[in-house]
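Input: a single structure, listed below in structure tokens.
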Amino acid sequence: MDISYQNEDKKTGRITMLLKDSNAAFANALRRAIVELVPTMAIDDVELVKNSSALYDEMIAHRLGLLTLKTDLKGYTPRDECTCQGAGCAKCTVQLTLKAKGPCIVLADELKSKDPKVKPVFPETPIVQLLKGQELELECTAVLGRGKDHIKWSPGLAWYGSEPTITINQEKVNKDLYPPQIFDKSGKADKKLITGQLVDAVDGVSDAIKVEYSATDFLFNVEPWGQLNAREIVTTALEILGKTFTEFETKLGEAK
Ligand SMILES: [Zn+2]
């Protein structure tokens, strides 16, 4: 099997990779490892000292939990694998504090983190609006966790599809049946222009354009939420899969 990077969208950070000589089982294992097993930082515990805002304590805690936090995987260990055995320590958790007085809109940026590397990815995210005289004061704990326990720890979206091969019989193409985007300036259907959703749009319309899907090659996409970049996500997911398979092999050996 071979993995190569095909395309990277600078704005969203989304990458497309080609998994060559692979199979659907592996592509799906990689997808699940990305969504459920690659750890990220998220707020998991909130202690409200003062809250005279219009939102209930639970609502504020929920909003804080869903903030995406920049994650430093080298500096932290998932809490359930940590030497503190889940109690919480500096290797698996970070403290953040917030203090605000109205009138204002409290933004994610106002959270003060003990570790400057762990901070909100989108500082402009509003948490709550405070009117004159209203106050909010809280302390929270961010924990390195995984998407299988709560989706707030998931690092992004992952999806894949079989790589299509397109064959065009130019003489047979009826222009009225196909989307205009697939034709070049001279009016000829162009394979290079048939990408993304257009592949589905031309598939099965007539014999003129044939789409065949590979059983061994997959186009695999990863769109990060921002805690980690797409390459970090893929590398970490592959490491986790490797470890899981080795563990499985060892246990299988012991069972004999
Ligand atoms: Zn710990």
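Give a quick list of chymotrypsin sites (Phe, Trp or Tyr not before Pro) in the range 1-78 that DSSP marks as loop, anything other than H, G, I, E or B, with at most 15 other Cβ atoms within 10 Å.
Tyr56
With +1 on each Lys and Arg Cβ and -1 on each Asp and Glu Cβ, and nothing else charged, work out how big the dipole of the range 40-153 is about its Cα centre, in Debye to the nearest 20.
Details: 16 positive and 16 negative charges, 63 e Å.
Its charge dipole is roughly 300 debye.
Of Thr97, Gly13, Leu144, which is farthest towards the positive pole of the chain's charge dipole, taken about the Cα centre with +1 and -1 on the beta-carbons of Lys, Arg and Asp, Glu respectively?
Toward the positive end, the furthest listed residue is Thr97.
What is the distance in Å between the Cα centres of the range 200-256 and the range 151-172?
Each part's Cα centre sits 12 Å from the other's.
Could you work out how far the C-alpha centroid of the range 105-142 sits from that of the range 1-57, in angstrom?
Answer, in whole Å: 23.
Rounded to the nearest 20 Debye, what is the dipole magnitude of the range 168-229 about its Cα centre when Lys and Arg each give +1 and Asp and Glu each give -1 at the C-beta?
Numbers: 7 positive and 10 negative charges, 53 e Å.
Result for the range 168-229 is approximately 260 debye, rounded to the nearest 20.
Quick one: Karplus J couplings for the range 128-138, per residue in order, coefficients 6.51, -1.76, 1.60, θ = phi - 60°, nearest Hz, x for Gly and Pro?
Karplus values, whole Hz, x for Gly and Pro: 6, 9, 10, 8, 4, x, 7, 9, 9, 9, 8.
Count neighbours as other Cβ atoms within 10 Å of each site's Cβ, and list the trypsin sites (Lys or Arg not before Pro) in the range 73-107 that are DSSP loop with at most 12 such neighbours.
Those that pass, being in a loop and sparsely packed, are Lys74.
Based on DSSP H runs of at least 4 residues, each adding -39500 (n - 2.57), what is the mean residue ellipticity at 222 nm of the chain after dividing by all its residues, to the nearest 500 deg cm²/dmol? Don't skip to the answer; put the middle values down first.
Numbers: 4 runs with 50 residues, N = 256.
Result for the chain: -6000 deg cm²/dmol, rounded to the nearest 500.
Based on the Cβ-Cβ distance of Thr97 and Leu55, what FRET efficiency does E = 1/(1 + (r/R0)^6) give at R0 = 25 Å, to the nearest 0.05?
0.85
Compute all pairwise cysteine Cβ distances in the chain, then list the cysteines with no distance under 4.7 Å to another cysteine.
When partners are defined as cysteine Cβ atoms under 4.7 Å apart, the chain leaves Cys104, Cys140 without one.
Hey, got a sec? Which chymotrypsin sites (Phe, Trp or Tyr not before Pro) in the range 125-170 land in a DSSP loop and have at most 14 other Cβ atoms within 10 Å?
none
Rounding to the nearest 10 and keeping the result within 0 to 90°, find how far the Cα-based axis of helix 230-255 lies from the longest principal axis of the chain.
90
For the chain, what's the relative contact order in percent, using C-alpha pairs closer than 8 Å and at least 6 residues apart? Could the numbers behind the result be given before it?
Details: 506 pairs, mean separation 71.0, N = 256.
It rounds to 28 percent for the chain.
We did not get these values from a lab; they are worked out from the coordinates using the rules stated. All values reported here derive from a predicted model rather than from experimental measurement. Don't worry about glycine lacking a Cβ; one is built from the backbone with ideal geometry, like all the others, and counts go over all protein chains shown.
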